[in-house]
Amino acid sequence: MSFIGCFSKRSFFLLIFLLCFTLFAENVCVHSIHFSSPLEFRLLDKNNSPSRKYFDLDSEFNAEYYGACINYNRLVVRESRLSFLLGCALGAGFVKIPELASDYMFGELFIVKGGVGFAPVLTEKMILAFHGFCGFNFRFYDYTSNYEAGDISDKLDLSGTEYNFVSGLDAVFVLKLGQRVSLFSSLGVSTIPVGWGNVCAKRDGAVSDFSELSYKNILNGVSIEPGIGLCFGF
């Protein structure tokens, strides 16, 4: 845990450094507003053994995430072609964990990240840059299921929270369309080396039942995030 804590703290200070640098950096600076559609596939591992039978699942279980985000990015490219990227995103989508719920669960997502890279293409009308980045994402999801058969009724409520450290690679392409507006597109691939989650289940039927499960991420998941939109300042 000490190594994980140290790793996360260093990533946090790196994001602060990138923020300060991009705020005061000169040369080419681009602000983008764009939409992205992250697709995420992960393998999770139980941290605890809940007392109730509802979470009677294997130690390891799969999770899938689908959604859409609106993003703000600040891209700074120096004359040396050194490139810096800082961004944040707010989104919503669906979480699929078959072992917990038969249907998709709806959720919200918040992301903040920063990266350093190189821009092999830097002209008056075009930028192509590649970055290694790190950051954090926070996800909240819930699910409600109702069952009725004659005099029997049952209601299940699920609510989950996740906190994840992410790292990966991305490519950013900017094409100038006019005097003030440019096309922005990106493709990112990332993984979650460190992550934690917690989900609570409450069942109201003939007998009220409550159970809680905590889990952690296993390092073999991948997230693919294409994005497209407009940018200004190039």
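Below, the figures for the structure above:
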{"quantity": "Region 66-151 - percent of accessible surface contributed by carbon and sulfur, probe 1.4 Å", "calculated": "62"}
{"quantity": "Accessible surface of PHE232 - all protein chains present, 1.4 Å probe, nearest 10 Å²", "calculated": "90"}
{"quantity": "Residue-level accessible surface for LEU156, protein heavy atoms, 1.4 Å, Å²", "calculated": "20"}
{"quantity": "Rough spin-label spacing in nm, given labels placed 7 Å along Cα→Cβ, for GLN179 and LEU39", "calculated": "4.1"}
{"quantity": "Accessible area in the full protein assembly, largest first, 1.4 Å probe, for ARG81, ARG42", "calculated": "ARG81, ARG42"}
{"quantity": "Candidate residues THR144, THR161: accessible-area rank, largest first, probe 1.4 Å", "calculated": "THR144, THR161"}
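The values are calculated or read from the model by the stated rules, or taken from the named source; none is laboratory data. Since we're looking at a predicted model, the values are computed, not measured. Heads up, the Cβs are rebuilt from the backbone with ideal geometry, glycines too, and the neighbour counts pull from every protein chain shown. Quick note on the areas: whole protein, heavy atoms, side chains included, nothing else; ligands and nucleic acids left out. Shrake-Rupley method; radii C 1.70, N 1.55, O 1.52, S 1.80 Å.
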